[in-house]
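Novice: Input: one structure, supplied below.
What follows is calculated from the coordinates using simple rules that are stated; it is not laboratory data. This structure is a prediction, so every number in the text was calculated from the model and none was measured.
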């Protein structure tokens with residue numbers, strides 16, 4: 001079983017609020033990812049990191065930001081939430097930075113902005 | 001640009017009725033092809049990694065195979081608990097270095 005944790009699992013928040021979605025892994029993986037997934041739709045990469053102090057934007061443009069100060073922690077922040085940010089956010093990690101090994105996912109955070 | 005296409009979009013089977021799911025891919029320098037299972041409202045659960053054409057992996061009723069252009073997930077004598085969305089993903093080199101690209105998934109429903 002993968003040791004990667006996301007909190008909160010569910011979040012309902014008002015427009016304009018600042019939110020941080022937490023993601024932690026205890027496997028010592030260097031590579032971490034954030035994906036966005038709408039119901040019944042495919043996963044879209046929004047951010048990834050090769051290691052501490054490394055962050056890159058993914059294929060899907062996102063108003064969120066990320067940081068990687070510690071290997072095990074990869075939080076995602078929205079400065080001002082909007083209804084268009086309503087979605088499921090999935091965090092993942094993998095051992096190999098070149099993508100040659102499988103990624104393990106957390107259970108996701110379901111975000112609803114009202 | 002890396003592309004992953006899964007078919008069919010949805011598959012309904014009777015319990016015990018074997019079938020296959022397809023994942024076609026176009027990448028520059030395949031580093032790995034991955035199969036995941038996703039239950040509603042949860043994160044994807046890792047199933048298999050395949051690295052080179054001809055490779056096969058098995059786990060219980062599932063068997064994954066790989067060619068130079070596609071991968072198949074064979075399901076033998078499925079049970080209702082195998083119902084889920086099955087996702088295929090690829091990792092490639094070049095400008096996609098280290099990134100995972102997912103297909104849209106196949107929704108599998110197994111009726112008792």
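Novice: So, in Å, what gap is there between the alpha-carbon centers of the range B:52-96 and the range A:1-23?
Specialist: Taking the Cα centre of each part, the range B:52-96 and the range A:1-23 sit 30 Å apart.
Novice: Could you state, as a whole-number percent, how many of the C-alpha pairs of the range B:30-80 are farther apart than 16 Å?
Specialist: On the way: 558 of 1275 pairs.
Pairs farther apart than 16 Å: 44 percent.
Novice: With only alpha-carbon atoms in the gyration tensor, what are the semi-axes of the equivalent ellipsoid for the range A:13-66, in Å, largest first?
Specialist: Square roots of five times the eigenvalues give 21, 15, 12 Å.
Novice: While we're here: What number, in percent, do you get for the relative contact order of chain B if the mean sequence gap of Cα pairs under 8 Å and at least 6 apart is divided by its residue count? Don't skip to the end; give the middle numbers.
Specialist: Details: 288 pairs, mean separation 41.4, N = 112.
Computed value for chain B: 37 percent relative contact order.
Novice: Taking Cα centroids, how far is the range A:53-101 from the range B:7-35 in Å?
Specialist: 27
Novice: What per residue convex hull volume, in Å³, comes out for chain B when only alpha-carbon positions are used? Write down the numbers at each step before the final one.
Specialist: Details: hull volume 9.9 nm³, N = 112.
Enclosed volume per residue, from the Cα hull, is 88 Å³.
Novice: Report P(r) for the protein assembly as shown: all Cα-Cα distances, bin width 5 Å, range 0 to the bin holding the largest distance, values in whole percent.
Specialist: Spelled out bin by bin, the protein assembly as shown gives 1, 7, 15, 19, 19, 16, 12, 7, 3, 1, 0 percent.
Novice: Remind me, what semi-axes does chain A give for its equivalent ellipsoid, largest first in whole Å, using sqrt of 5 times each Cα gyration tensor eigenvalue?
Specialist: Values: eigenvalues 102, 39, 35 Å².
Semi-axis lengths for chain A are 23, 14, 13 Å.
Novice: For chain A, what's the relative contact order in percent, using C-alpha pairs closer than 8 Å and at least 6 residues apart?
Specialist: Working: 292 pairs, mean separation 41.7, N = 114.
Relative contact order comes out at 37 percent.
Novice: Does the range A:35-87 come out rounded, prolate or oblate, given a ≥ b ≥ c as the square roots of the eigenvalues of its C-alpha gyration tensor, rounded meaning a/c under 1.5 and, failing that, prolate meaning a/b above b/c?
Specialist: Values: a/c = 2.30, a/b = 1.58, b/c = 1.45.
Because a/c hits 1.5 or more and a/b exceeds b/c, the range A:35-87 counts as prolate.
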